[in-house]
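The values are calculated or read from the model by the stated rules, or taken from the named source; none is laboratory data. For clarity, every value in this text was computed on a predicted model and none was experimentally measured. Cβ atoms come from the backbone with ideal geometry, glycine included; neighbour counts cover every protein chain shown.
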Amino acid sequence: MFNSGWLKSIILELNEAKRLSLSLSKKDLLTKRMLNEEKELSFIKLLPDEDLGGRTSGSLTWRTARGETEGEKRKTLVENFKAIKSTDVELKNGKIHIEYSCSSDKYTRISDSKTSHGGWKTFVFRVQDVMRKVEYDWKRAYLCRKEKSLMGYIAWQIELPKTYAISVAEIFVADTIFEDGFVKWLVTTDKTSRSIKSGSSEKLELLNTKSRVLSIHAFLRGENWQHSQIFREATGSPSSPSLKLQIEFTRI
């Protein structure tokens, strides 16, 4: 179940970090924005499982929640998908290695015969007010907040069988910030939580925690929706993947 209280605490942390560097007038503006965010967050909800229907559904409840029915006021919705589960090949080898390229909008599951999976939401666990944007004039593609949204949130989660535990995780993420844009990355397990930086691989030793669940969270903030971007890549030529997730695990 999605914990909206946890999400609110993260937002407060991000606001406080940003507030320290602002002038008095801008601090007042931030305070007003925080009040508006509290109102918007009160609308956060998840659809019942029967209405999710995997990644597509034509039910009235689902279409209404997405704002696809006329006269429906837009609400902030957290879309809830599925965790990444290990395949038989990955269980045998004790590794999961997945990469995402925003320019091609494809995941490559390197640890399972380099299978290709199209669509940025394919392996996403949760997402709120995030979209994929292609700038055809600048030949760039990236994920960013939806227009008029206060914050974008996206997460990926790997979940192992109960008899396995993660020993090592190596994670690479990339973001691009303009002006007042702000991106916060967090890695959480069922035992620990820590922030990570963009632009370099981070290695986490997790064997002692006996964790079997690992999640990567990205929070996108800023005055303008296009000022906080993740996975920005050139579309005219092959780009190095902007998301790389590798874990090694053992039986316990």
Item to check | Flag if V134 is among the β-branched types (V, I, T), surrounded by fewer than 19 Cβ atoms within 10 Å (Cβ to Cβ) and outside any loop (DSSP other than H, G, I, E, B) | outcome: yes
Checklist entry - Yes or no: I230 farther than 16 Å from M151 by Cβ and surrounded by 21 or more Cβ atoms within 10 Å (Cβ to Cβ)? => result no
Checklist entry - Quick check, is R140 in contact with a helix residue (DSSP H, G or I) (Cβ under 7 Å, 6 or more places away or on another chain) and closer than 18 Å to D105 by Cα? => result no
Item to check | Conditions (1) in contact with a helix residue (DSSP H, G or I) (Cβ under 7 Å, 6 or more places away or on another chain); (2) within 22 Å of L91 (Cα to Cα); (3) not charged (D, E, K, R): number failed by Q246 | outcome: (1)
Checklist entry - Would you say L206 is more than 20 Å from I110 (Cα to Cα) and modelled with pLDDT of 90 or more? => result yes
Checklist entry - Is at least one residue of the stretch 221-238 under 26 Å from K133 (Cα atoms), under 15 Å from the mean Cα position of the chain (by Cα) and of a type in the set (A, V, I, L, M, F, W, C)? => result yes
Item to check | Failed criterion for V127 (all others in (1) surrounded by fewer than 18 Cβ atoms within 10 Å (Cβ to Cβ); (2) free of Cβ contacts under 8 Å to residues at least 60 places away in the same chain hold) | outcome: (1)
Checklist entry - Mind checking whether some residue in the stretch 75-83 is touching a Pro at 6+ places or on another chain (Cβ under 9 Å), under 30 Å from E248 (Cβ atoms) and modelled with pLDDT of 50 or more? => result no
Checklist outcome for this item: The residue that is modelled with the highest pLDDT, considering only those in the stretch 135-155 that are among the hydroxyl-bearing types (S, T, Y) and out of contact with any His (no Cβ under 9 Å at 6 or more places or on another chain), is Y142
Checklist entry - For the stretch 75-107, what are the residues that are touching a Leu at 6+ places or on another chain (Cβ under 9 Å), surrounded by fewer than 21 Cβ atoms within 10 Å (Cβ to Cβ) and more than 18 Å from V130 (Cβ to Cβ)? => result K85, L91, H97, E99
Next on the checklist: Here is a check on your reading of the model: is K191 on the phi < 0 side of the Ramachandran plot, assigned to a loop (DSSP other than H, G, I, E, B) and not aromatic (F, W, Y)?
Outcome noted: yes
Item to check | Any chance I166 is buried (at least 20 other Cβ atoms within 10 Å of the Cβ), in contact (Cβ under 8 Å) with a residue 60 or more places away in the chain and of a type outside the set (K, R) | outcome: yes
Checklist entry - Within the stretch 114-129, is even one residue at pLDDT 95 or above, among the hydroxyl-bearing types (S, T, Y) and outside any loop (DSSP other than H, G, I, E, B)? => result yes
